[in-house]
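Presented below is the structure to which this report refers.
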Amino acid sequence: MAKIFCVANQKGGVGKTTTTVNLAAGLAKVGQRVLMIDLDPQGNATMGSGVDKRKLPLSVYDVLLESASIREAAVLSEKCGYHVLGANRELAGAEVELVALDHREKRLKTALSEVVADYDFVLIDCPPSLSMLTLNGLCSAHGVIVPMQCEYFALEGLTDLVNTIKQVHANLNRELQIIGLLRVMFDPRITLQQQVAEQLKSHFGDKVFNTVIPRNVRLAEAPSYGLPGVVFDPSAKGSQAFVEFAREMVERIKTM
């Protein structure tokens with residue numbers, strides 16, 4: 001049975017997509033069966049997984065409107081070793097179309113129930129806003145992985161996200177919990193980042209992942225080649241950190 005995780009943070013530019021595609025590639029590297037779902041109309045996670053969003057015959061849009069199943073719409077990214085349920089601009093229209101439909105926030109959950117036996121992990125890349133798309137992700141997930149930079153404003157954004165997760169947990173999905181906080185783009189030379197990292201540890205305890213993703217040029221370059229950093233340059237420090245994070249995730253779900 002697949003463990004379903006949203007990668008979410010209401011603050012933009014914190015590395016959600018980078019985290020999603022590199023964790024997916026890292027998990028595939030350590031022998032896990034992975035489905036990566038792109039819920040962002042920009043389709044960056046799709047392109048970053050070596051899949052051309054402009055050439056998708058079927059996308060997550062078709063799945064949400066129940067005109068296709070996940071098995072029909074997901075494609076294998078051969079370079080990356082995981083399946084991709086991609087997104088493109090069509091998905092922006094789904095927001096409006098879903099409003100009038102029944103069970104609109106549970107559409108993805110219903111679709112995923114057919115394929116949970118096919119995968120070990122399902123990772124969902126959520127848009128930065130709390131939209132109907134993000135809600136579909138949160139309603140179908142067992143938990144949320146929160147990538148965050150160790151900066152002051154990131155702590156403020158985290159408070160908003162925790163409140164959102166509490167509301168979804170109370171009203172729509174009793175399974176939903178924060179799985180862990182992942183410190184990304186970390187530069188140990190900056191004193192403030194070390195201080196914020198310590199604050200996170202003291203406040204959230206073992207909810208903070210042990211793995212820290214360093215600020216890394218190769219991770220930043222990888223999307224322009226349409227690949228996760230883990231595949232683009234496996235020897236880079238950032239790539240190795242994500243493979244280490246994948247191993248930590250596999251261990252963590254054993255205790256869930």
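The values are calculated or read from the model by the stated rules, or taken from the named source; none is laboratory data. Computed from a prediction, not measured in an experiment: that's the story for all the values here. Positions of Cβ are generated from backbone atoms using ideal geometry, with glycine treated the same way; all protein chains shown enter the neighbour counts.
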Those residues of region 41-58 that are surrounded by fewer than 24 Cβ atoms within 10 Å (Cβ to Cβ) and either touching a His at 6+ places or on another chain (Cβ under 8 Å) or closer than 19 Å to Gly137 by Cα (or both) come to a total of 4
Select, from Phe186, Phe242, Phe153, the only residue that is over 25 Å from Val84 (Cα atoms) and in contact with a strand residue (DSSP E or B) (Cβ under 8 Å, 6 or more places away or on another chain). Phe186
Quick one: in region 105-148, which of the residues that are of a type in the set (S, T, N, Q) and at pLDDT 90 or above is farthest from Asp40 (Cα to Cα)? Ser113
Any residue in region 173-189 that is among the polar types (S, T, N, Q) and either within 13 Å of Leu23 (Cα to Cα) or without any contact (Cβ under 8 Å) to a residue 12 or more places away in the chain (or both)? no
Residue among Leu91, Leu64, Leu85 that alone is within 19 Å of the chain's Cα centre (by Cα), surrounded by 18 or more Cβ atoms within 10 Å (Cβ to Cβ) and modelled with pLDDT under 95: Leu91
Complete set of residues in region 220-250 that are over 16 Å from the mean Cα position of the chain (by Cα), modelled with pLDDT of 95 or more and either of a type in the set (A, V, I, L, M) or more than 17 Å from Ala25 (Cβ to Cβ) (or both): Ala222, Val231, Ala236, Ala241
Quick check, is Leu158 within 17 Å of the chain's Cα centre (by Cα), surrounded by 14 or more Cβ atoms within 10 Å (Cβ to Cβ), farther than 30 Å from Gly50 by Cα and not polar (S, T, N, Q)? yes
Taking Leu176, is it modelled with pLDDT of 95 or more, under 18 Å from the mean Cα position of the chain (by Cα) and over 20 Å from Asn136 (Cα atoms)? no
Restricting to region 7-24, name every residue that is modelled with pLDDT of 95 or more and either under 18 Å from Val212 (Cβ atoms) or touching a His at 6+ places or on another chain (Cβ under 7 Å) (or both). Val7, Thr18, Thr19, Thr20, Asn22, Leu23
